[in-house]
1. Considering only residues of the stretch 91-120 that are free of Cβ contacts under 8 Å to residues at least 40 places away in the same chain and surrounded by fewer than 20 Cβ atoms within 10 Å (Cβ to Cβ), which is nearest to ligand 1 (Cβ to nearest atom)?
2. Identify, please: which residue in the stretch 105-123 is in a strand (DSSP E or B) and modelled with pLDDT of 95 or more and is, among those, nearest to R186 (Cα to Cα)?
3. In the stretch 202-236, how many residues are more than 16 Å from ligand 2 (Cβ to nearest atom) and either surrounded by fewer than 16 Cβ atoms within 10 Å (Cβ to Cβ) or over 15 Å from I175 (Cβ atoms) (or both)?
4. Got a number for residues in the stretch 165-201 being of a type outside the set (A, V, I, L, M) and within 16 Å of ligand 2 (Cβ to nearest atom)?
5. Let me spell it out: the conditions are (1) surrounded by fewer than 22 Cβ atoms within 10 Å (Cβ to Cβ); (2) more than 20 Å from S229 (Cβ to Cβ), and D151 meets all of them except one. Which number is the exception?
6. Within the stretch 71-83, does at least one residue satisfy the condition of being within 16 Å of ligand 2 (Cβ to nearest atom) and under 18 Å from the mean Cα position of the chain (by Cα)?
Amino acid sequence: MNPLILSETPKSALAKAPALAQTQRSPQVSAVVPIYNEVESLPVLIETIAATFRDSAIPYEIICVDDGSSDGSAELLRQMAQQRSDLRAVLLRRNYGQTPAMAAGFNHAKGQVIVTLDGDLQNDPADIPRLIAKLDEGYDLVSGWRKDRQDAMVTRLIPSRIANWLIRHVTEVKIHDYGCSLKAYRAELVHDMNLYGELHRFLPALAFIEGARIAELPVRHHARRYGYSKYGLGRTFRVLMDLATIFFMKKFLTRPMHVFGLFGLLSMLIGLGLGIYLSILKLVLGMAIGDRPLLILAVVLFLTGVQLFSFGLLAELLMRTYHESQNRPIYRVREVVGADEPVAMRD
Ligand code: UDP
Ligand code: MG
C-alpha cells in the first residue's frame, strides 16, 4: 500500500486486526441501506449482507433507514434490530426520499468505510468485499458499474444512458454508471458532503468537488425480485435540474461573481452602447426613436445586467455565510506530512 496516499489515521480501508476490532464497539464497515416498502426483501437482504461480511471476516454494522414505509418494513426492521447486534434501524417519521434516507444513514454510521446499497436486492452484497479491496488501493470512493443492468429498456436503460452521458460531460467525473447505489466511501469523505434534494445520484460528482480519488468497478445487477421500483420517467427533469446545480457548484461555488458579474457586465455594456447610439440618433440627428425595437432591447439588456450583477454580489455574501457559518473550509487537505514544528526551527 502506498503510504503517501494514506494520512494520519489508519487509512487502510480495513486496518489489519479484524478479529480484535470485532470485539470492540466500532465496526470498520457500515453498510447503509435506504428502505422504502421493501418488506419482502428485508430478511434475505440483511442475512446476505451479514453473511458476506462474516465470510470475509470484516467487522461491520448494517444501518437500515426506513423512509416512512407503509408496508410493515419499519416494524420488521424494529424487530430484527432488537434481535441482531449487527443491525441498527433508523426509522424516519415520514417518506422523505432516497437522498435524505441515505443522509440519515451516513449520520448514524460509525465505520471507517461506508458502503451503500439498495434495499431491493438488485445490488449483490457479494460484491462488497471487492469494492472495499479497491478502496484499499488508495481511493476515496469506489462506484459500482452495472455493466449488465437488469431493468426495463424504455423507462430505465435509455433515459439512464442519456443521463449518464450528460452527467459525464458536465461533471467531468469519468465513470459509466452514476445511478448505481452500490458504492464504497471513506467515511470522512461522506461526512464532508452535504446532501440535498435528490443529489445521491451525484455523490461521485460531489465527492469530486471535495477532491476525492474515484474508481469504478463492474458489479452484478439483478432484476427486482419483490416490490416495485419507486421511480419512473418523472425523475428525468429532476436529474437535469440537479445537474445544473452541480455544474454551478463545481465551477463557481466559491466565486459566483465570476459568472454573474461577467454576464451582468456584458449585458449592461451592450445595453449602454445601444442606449448611447439611440441617444445620438435622437439628440444629434433629431431622428425619432420611440417606435424602435432596439430601444426596448437596450433597456432590457441594461436592466438585466444590473440585476445579474447584484445577484452576483448577493451570491458572494451567501457563499461567505455558507462557508463561515458551518466552518466549512474552501479546501480539503488530503494529508499533512512532517512534524508540527520543523526541528530546524526549535532552539
Ligand atoms: N427508496 C427510499 N425512499 C424513496 C424511494 C426509494 O428509501 O422515497 C429506496 C428504495 O427502498 C431502494 C432504493 O431507495 O432501496 C432505490 O429505489 P428503487 O429500487 O425503487 O430505484 P431503482 O433501483 O429502480 O432506480
Ligand atoms: Mg432498485
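1. Y96
2. Filtering first and then ranking leaves V113.
3. 4
4. Residues that pass the stated criteria total 9.
5. Going through (1) surrounded by fewer than 22 Cβ atoms within 10 Å (Cβ to Cβ); (2) more than 20 Å from S229 (Cβ to Cβ) one by one, D151 breaks only (2).
6. Among the residues of the stretch 71-83, not one is within 16 Å of ligand 2 (Cβ to nearest atom) and under 18 Å from the mean Cα position of the chain (by Cα), which makes the answer no.
Residue-by-condition table, conditions (1) assigned to a helix (DSSP H, G or I); (2) in contact with a helix residue (DSSP H, G or I) (Cβ under 8 Å, 6 or more places away or on another chain):
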residue	(1), (2)
P159	yes, yes
I162	yes, no
V173	no, yes
C180	no, no
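Here is a yes/no grid of residues against (1) under 21 Å from P34 (Cβ atoms); (2) in contact with a Leu (Cβ under 8 Å, 6 or more places away or on another chain); (3) small (G, A, S); (4) assigned to a loop (DSSP other than H, G, I, E, B):
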residue: K134; (1), (2), (3), (4): no, yes, no, no
residue: W165; (1), (2), (3), (4): no, no, no, no
residue: H191; (1), (2), (3), (4): yes, no, no, no
residue: A205; (1), (2), (3), (4): yes, no, yes, no
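The values are calculated or read from the model by the stated rules, or taken from the named source; none is laboratory data. Since we're looking at a predicted model, the values are computed, not measured. Counting neighbours? That spans all protein chains shown, and the Cβs are built from the backbone with ideal geometry, glycine included.
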